[in-house]
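Peer 1: There's a structure below that I have some questions on.
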Amino acid sequence: MKSITDSKDNENKKAIKFPINVKNVFPKHRQQVLNENGWGFRDCYFTFENDFLVLKGGRYEMCNKPLLNARASLLELLNADITNYKPTRNPVHNESDYPPRVENKTFYKELQNSKIEFSLNFDDRLLRCRGQASKDFYILRYGKFKRVPDIVVFPKSHEDVVMVVELAKKYCSVLVPYGGGTSTTMSLNYLKDEYERFFISLDTTQMNRILWFDKISMMACLEAGISGKDLEDNLQNHGLTLGHDPDSIELSTLGGWVATKSAGMKQLKYGNIEDMVKKITLVTSVGVLEKNFLVPRASIGPDFDCIALGSEGTLGVITKVVVKVHPKPTCKRYGTMVFPNFEKGVNFMHEVSKLTTRPTSIRVIDNVHYRFGFAFQHNRNFFGKFVDMINIFGGQILYRLDIKKISMTTYLIEGEKDEINEIESQVKRCGTIHGGIVIGAKYAERAYQLTMTNCYLRDLFFDLGFVFDSIEPSIVWKKCWSLIKAIEKSWKDEMDKRKILNVLAIRISQVYDTGACVYFYYGIGPTKDRDQFEVFEELTDTLRVVILNHGGCLSHHHGIGKKSLKYYPKAVSSIGVDVFNSIKKALDPQNIFDVGNFESDKNMTKM
């Protein structure tokens with residue numbers, strides 16, 4: 001083992017030239033690569049081919065492989081026949097459909113003098129007026145956005161951001177930081193009835209370098225615009241990992257993770273983003289807020305990093321983050337178990353939460369979720385399908401499992417081989433206590449591979465006439481099952497009353513000593529007499545009320561944005577709102593970062 005005083009380490013450190021320039025997933029004109037009409041990459045989309053649904057493209061393991069079960073499963077789950085399915089191209093949004101762009105030629109000149117790149121192109125600006133909320137998808141198809149930025153600015157460094165913020169302050173502009181654009185809470189949308197202020201979208205994604213890493217102290221300093229996958233791939237090339245793995249990892253950015261207080265699938269081993277952050281650099285309109293030291297822990301009053309964590313673009317621009325890193329794991333193992341029903345699966349997750357050493361990632365899904373997963377499993381070779389049949393029908397016959405009730409858990413364990421063996425044996429023991437049956441690793445491996453492709457499903461469902469969304473409260477274990485049953489009952493009552501095609505699928509995706517994050521995926525089909533999204537938002541409010549009445553928090557990791565804005569005062573109390581407003585006034589007295597998140601909705605238009 002190398003000593004911290006080993007001079008050879010210094011020699012190795014010198015061999016790596018910092019900063020490391022990372023190949024960027026985001027071009028400045030990101031519509032060249034990304035789908036401006038929905039989620040993900042332009043070259044990936046679902047289509048119907050030779051009687052089977054297929055995800056086109058070459059980025060994912062399931063691409064170009066026919067989905068044998070999709071038609072029958074979607075007919076059963078959604079009453080939707082995809083035989084003639086074709087991807088829908090959204091109506092063109094023309095610049096003439098929107099209020100005239102506010103001009104600021106002096107601002108442009110000052111940017112040019114500082115060699116900071118920018119774009120006035122309408123397509124560039126339109127792409128950055130929104131995120132990936134279901135409301136955004138709906139507007140893309142059937143409406144128009146409230147306000148489009150007047151300019152997109154591409155800083156390449158912390159110093160560039162300082163300059164742009166100073167200019168925004170000088171010209172009393174509105175500045176909204178924009179990273180990967182994966183927000184599902186409308187946190188990036190400008191919804192105010194105000195059209196005179198110059199509106200700047202500050203795209204951070206050209207700030208994507210690894211500034212340094214330290215293998216002795218196990219920390220890395222990264223620019224905030226780096227995407228999650230670019231970050232992880234490059235760290236792993238140097239034998240390191242951050243271990244933050246949200247579903248949006250390909251396109252979400254480090255700065256976005258900090259700004260929304262993100263969580264990832266590997267939370268049990270590596271923690272959530274607040275557990276990884278050691279130092280944040282926040283450019284505010286009154287100066288740069290950051291600690292003047294970098295140590296494991298300090299007791300010198302309130303931690304100002306907590307101001308940036310979860311700030312959702314309201315206080316400044318996150319430019320650099322120092323994070324804790326870990327050695328790249330030498331081994332990984334997947335596993336799958338099925339349970340007779342979802343209640344036993346939930347009880348199993350509670351059992352796992354009591355373990356002192358836990359898997360890296362674990363989740364349990366209900367039966368509807370399981371059947372959706374089955375719908376999107378691609379055709380396998382004969383032997384693979386034969387094994388699947390043995391597992392499924394063997395479980396039905398030998399263990400008397402009802403295929404329409406079973407629940408499934410998948411897990412991932414990373415580390416040394418002996419460590420993995422010990423953790424897996426404990427997980428299996430927890431499973432047997434609650435009637436779990438081991439069915440092998442391949443199911444879990446395929447499920448984790450599907451994670452990045454799941455986001456493309458919403459485009460498919462929208463094209464089939466369904467509106468889909470998710471809500472991910474956290475809840476204590478004592479109330480977890482009662483919340484699940486209350487949501488199911490409330491949803492059923494509403495659907496019985498409204499007579500709408502619908503679906504509700506549930507999973508537990510993160511577990512803690514004291515509770516869990518419960519994901520509710522829900523959707524409705526076409527409505528006859530009323531606007532579909534208006535009905536959908538009423539139903540979303542119904543779910544939120546149930547969650548709040550059970551003591552749950554509305555968001556475990558997506559944030560508040562404007563989607564849940566009206567519930568924010570109740571969540572943090574009137575004093576909490578006053579404290580935030582005081583911080584806002586101190587750091588942004590001119591309201592340059594006027595994105596409207598956490599703000600009273602009296603100045604907002606109806607969403």
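The values are calculated or read from the model by the stated rules, or taken from the named source; none is laboratory data. Because the structure is predicted, anything quoted here is derived from the model rather than measured. All Cβ positions, even for glycine, are placed from backbone atoms using ideal geometry, and neighbour counts span all protein chains on display. For accessibility, only protein heavy atoms count, side chains too; no ligands or nucleic acids. Shrake-Rupley method; radii C 1.70, N 1.55, O 1.52, S 1.80 Å.
Peer 1: Going through 26, 18, 107, 46 one at a time, which residue ends up being within 24 Å of residue 368 (Cα to Cα) and of a type in the set (A, V, I, L, M, F, W, C)?
Peer 2: 46
Peer 1: Is one or more of the residues making up segment 173-190 open to solvent by 10 Å² or more (accessible area, probe 1.4 Å), more than 22 Å from the chain's Cα centre (by Cα) and modelled with pLDDT of 95 or more?
Peer 2: Taking every residue of segment 173-190 in turn, none turns out to be open to solvent by 10 Å² or more (accessible area, probe 1.4 Å), more than 22 Å from the chain's Cα centre (by Cα) and modelled with pLDDT of 95 or more.
Peer 1: A follow-up question, please. Look through 474, 470, 490, 482 and report the one residue that is under 18 Å from the mean Cα position of the chain (by Cα) and more than 23 Å from residue 251 (Cβ to Cβ). Step through it out loud before you land on a result.
Peer 2: On the way: 470 fails: more than 23 Å from residue 251 (Cβ to Cβ); 490 fails: under 18 Å from the mean Cα position of the chain (by Cα); 482 fails: under 18 Å from the mean Cα position of the chain (by Cα).
Only one candidate passes the filter, namely 474.
Peer 1: So, one more: Among (1) surrounded by 20 or more Cβ atoms within 10 Å (Cβ to Cβ); (2) of a type in the set (Val, Ile, Thr); (3) at pLDDT 90 or above, there is one condition residue 439 misses while meeting the rest; what is its number?
Peer 2: The failed condition is (3).
Peer 1: What tally of residues in segment 259-313 results from selecting those that are part of a loop (DSSP other than H, G, I, E, B), under 19 Å from residue 248 (Cα atoms) and either open to solvent by 30 Å² or more (accessible area, probe 1.4 Å) or aromatic (Phe, Trp, Tyr) (or both)?
Peer 2: Number of matching residues: 1.
Peer 1: Checking residue 420 against (1) touching a Ser or Thr at 6+ places or on another chain (Cβ under 7 Å); (2) at pLDDT 90 or above; (3) open to solvent by less than 50 Å² (accessible area, probe 1.4 Å), only one condition comes out false. Which one?
Peer 2: Result: residue 420 passes all but (1).
Peer 1: For segment 112-130, indicate whether the set of residues that are touching a residue at least 40 places away in the same chain (Cβ under 8 Å), of a type in the set (Asp, Glu) and in a helix (DSSP H, G or I) is non-empty.
Peer 2: yes
Peer 1: Only residues that are farther than 30 Å from residue 122 by Cα, polar (S, T, N, Q) and either at pLDDT 85 or above or assigned to a helix (DSSP H, G or I) (or both): list them for segment 47-68, please.
Peer 2: 64
Peer 1: When you go through 360, 253 one by one, which is the residue that is crowded, with 22+ Cβ neighbours inside 10 Å, touching a residue at least 24 places away in the same chain (Cβ under 8 Å) and under 22 Å from residue 168 (Cβ atoms)?
Peer 2: The conditions single out 253.
Peer 1: Filter segment 575-607 down to the residues that are among the hydroxyl-bearing types (Ser, Thr, Tyr) and at pLDDT below 95, then identify the one that is least open to solvent (accessible area, probe 1.4 Å).
Peer 2: For segment 575-607, the residue satisfying everything is 605.
Peer 1: Is segment 208-227 home to any residue that is of a type in the set (D, E, K, R), open to solvent by less than 10 Å² (accessible area, probe 1.4 Å) and under 25 Å from residue 458 (Cα atoms)?
Peer 2: no
Peer 1: Considering each residue of segment 138-151, count those that are closer than 20 Å to residue 597 by Cβ and among the hydrophobic types (A, V, I, L, M, F, W, C), and give that number.
Peer 2: Residues flagged as closer than 20 Å to residue 597 by Cβ and among the hydrophobic types (A, V, I, L, M, F, W, C) within segment 138-151 amount to 3.
Peer 1: Let me ask something else. I'm trying to understand the selection: among the residues of segment 102-154, which are farther than 20 Å from residue 33 by Cβ, crowded, with 19+ Cβ neighbours inside 10 Å, aliphatic (A, V, I, L, M) and at pLDDT 95 or above?
Peer 2: 111, 116, 133, 148, 151
Peer 1: Of 316, 335, 345, 373, which residue is open to solvent by 10 Å² or more (accessible area, probe 1.4 Å) and of a type in the set (Gly, Ala, Ser)?
Peer 2: None of the others qualify; the one that does is 373.
Peer 1: Being among the charged types (D, E, K, R), surrounded by fewer than 18 Cβ atoms within 10 Å (Cβ to Cβ), in contact with a Cys (Cβ under 8 Å, 6 or more places away or on another chain) and closer than 30 Å to residue 229 by Cβ narrows it down to one of 65, 56, so name that one.
Peer 2: Numbers: 65 fails: in contact with a Cys (Cβ under 8 Å, 6 or more places away or on another chain).
Only one candidate qualifies: 56.
Peer 1: Hey, another quick one. Inside segment 461-552, counting only strands (runs of 3 or more DSSP E) that do not spill past its ends, which hold 3 or more residues that are of a type in the set (Phe, Trp, Tyr) and open to solvent by less than 40 Å² (accessible area, probe 1.4 Å)? Full working, then the answer.
Peer 2: Details: elements: 467-471, 474-476, 502-511, 515-524.
Qualifying strands (runs of 3 or more DSSP E): 515-524.
Peer 1: What's the number of the only condition in (1) within 30 Å of residue 483 (Cα to Cα); (2) touching a Cys at 6+ places or on another chain (Cβ under 8 Å); (3) assigned to a strand (DSSP E or B) that residue 322 fails to meet?
Peer 2: Failed condition: (1).
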